[in-house]
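Trainee: Please read through the structure below; I'll follow up with questions.
Only the coordinates and a few stated rules stand behind these numbers; no lab work does. None of these values were measured; they are calculated from a predicted model. Cβ placement follows ideal geometry from the backbone for every residue including glycine, while neighbour counts extend to all protein chains displayed.
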Amino acid sequence: MAIHITGAPCCWGVDDVKNPYLPKWQTVLDEAGKAGFRAIELGPYGYLPLDIDLVSAELKKNGISIVAGTIFDDLVAAENRENLLRQVDDICGIITKLPPLPREKGQRRRTPYLTVMDWGHDERDYAAGHSDRAPRLSDEDWGRMMEHIRAIAEKASKWGVRAVIHPHAGGYIEFADEIDRLAEDIPDEVAGLCLDTGHLRYSGMDPVEWLRKYADRLDYIHFKDINEKVYNEVLAEHIRFFEGCGKGAM
């Protein structure tokens, strides 16, 4: 089976769409094509425009496809449910109409995927990488998050899109116990996994061990590096996850 190496706007520092210093999305697509990527992610909601003709033209010009869209938001709060489901429709409504990667022999699910990450909780952001001091959700809150994930995955599947859950440092799905609990509560027929080597290491896990452990659940993998020296310095500080990344930890 062929392995396609793709990129994501986060490689250009695109995480917070409100950041006024982000590169233009056209620049990212141009440089992704020149770097030899076969495809790229849509990036955080609101970065690339939801204009199918405009984005299609830029993708075609640069010889790349779209591999995934992203929900990077609070998956816990009850009041955020409708916003999450609206994002599913908005994102799937564009990624399903953009040029996809070809499906390879042996590939579990065709692209594009919908990568789903929990984010937006100060108490976990400051505890990123510290399993021992990170608060855990109550059973009620965890159950609500799982219900939101199931609703997202169900709505995405109606668009023909496979939802994949990405454990993310600084969110409520980060550490070993939470990944195991997620895998138990969300079966493979509902959603797959997108494990990230950098986030796994940042959160105290061996990426190789965890990629092997959940190989039969993996649809998609993110590869990132950790600078061990900076990482150890950052863990000794009271610091937000992306502040640590800004210092070069990941």
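Trainee: Could you check, for region 25-41, whether at least one of its residues is of a type in the set (Asp, Glu) and in contact with a strand residue (DSSP E or B) (Cβ under 8 Å, 6 or more places away or on another chain)?
Mentor: Yes, some residue in region 25-41 is of a type in the set (Asp, Glu) and in contact with a strand residue (DSSP E or B) (Cβ under 8 Å, 6 or more places away or on another chain).
Trainee: I need every pair where a residue in region 38-67 that is under 15 Å from Asp90 (Cα atoms) has its Cβ under 7 Å from the Cβ of a residue that is outside any helix (DSSP H, G or I) and acidic (Asp, Glu), sequence separation at least 6 or different chains.
Mentor: Filtered contacts from region 38-67: Pro44/Asp15.
Trainee: For region 100-124, name all the residues that are in a loop (DSSP other than H, G, I, E, B) and touching a helix residue (DSSP H, G or I) at 6+ places or on another chain (Cβ under 6 Å).
Mentor: Scanning region 100-124 gives a single hit, Pro112.
Trainee: Would you be able to say whether some residue in region 102-114 is closer than 30 Å to Gly63 by Cβ, touching a residue at least 60 places away in the same chain (Cβ under 8 Å) and touching a His at 6+ places or on another chain (Cβ under 6 Å)?
Mentor: No, because not a single residue in region 102-114 is closer than 30 Å to Gly63 by Cβ, touching a residue at least 60 places away in the same chain (Cβ under 8 Å) and touching a His at 6+ places or on another chain (Cβ under 6 Å).
Trainee: A follow-up question, please. Which condition number in (1) more than 19 Å from Cys194 (Cβ to Cβ); (2) part of a loop (DSSP other than H, G, I, E, B); (3) in contact (Cβ under 8 Å) with a residue 60 or more places away in the chain is the one that Ala127 fails?
Mentor: Ala127 satisfies all of (1) more than 19 Å from Cys194 (Cβ to Cβ); (2) part of a loop (DSSP other than H, G, I, E, B); (3) in contact (Cβ under 8 Å) with a residue 60 or more places away in the chain except (3).
Trainee: Continuing with this model, one more query. Restricting the first residue to region 13-28 and requiring it to be without any contact (Cβ under 8 Å) to a residue 24 or more places away in the chain, which pairs with a second residue that is outside any loop (DSSP other than H, G, I, E, B) meet a Cβ separation below 8 Å and a spacing of at least six or different chains?
Mentor: Qualifying pairs under 8 Å: Pro23/Trp12; Thr27/Trp12; Val28/Pro9; Val28/Trp12; Val28/Ile40.
Trainee: Can you pull out every residue in region 136-173 that is closer than 18 Å to Met205 by Cα and not in a strand (DSSP E or B)?
Mentor: Matches in region 136-173: Arg136, His166, Pro167, His168, Ala169, Gly170, Gly171, Tyr172, Ile173.
Trainee: Quick check on my filter: what residues within region 23-63 are in contact with a helix residue (DSSP H, G or I) (Cβ under 8 Å, 6 or more places away or on another chain), outside any helix (DSSP H, G or I) and aromatic (Phe, Trp, Tyr)?
Mentor: Result: Tyr45, Tyr47.
Trainee: On the given criteria, is Ala78 within 25 Å of Ala151 (Cα to Cα), in contact (Cβ under 8 Å) with a residue 24 or more places away in the chain, in contact with a Phe, Trp or Tyr (Cβ under 6 Å, 6 or more places away or on another chain) and among the hydrophobic types (A, V, I, L, M, F, W, C)?
Mentor: Judged against the criteria, Ala78 is not a match.
Trainee: Just name the residue that is surrounded by the fewest Cβ atoms within 10 Å (Cβ to Cβ) out of those in region 143-159 that are in contact (Cβ under 8 Å) with a residue 40 or more places away in the chain and hydrophobic (A, V, I, L, M, F, W, C).
Mentor: Ala151
Trainee: Taking region 65-96, which residues are in a strand (DSSP E or B) and surrounded by fewer than 22 Cβ atoms within 10 Å (Cβ to Cβ)?
Mentor: Ser65, Asp73, listed by residue number.
Trainee: Sticking with this one: Sort out which residues of region 178-224 are in contact (Cβ under 8 Å) with a residue 60 or more places away in the chain and hydroxyl-bearing (Ser, Thr, Tyr), and write them in order of number.
Mentor: Tyr202, Ser203, Tyr220, listed by residue number.
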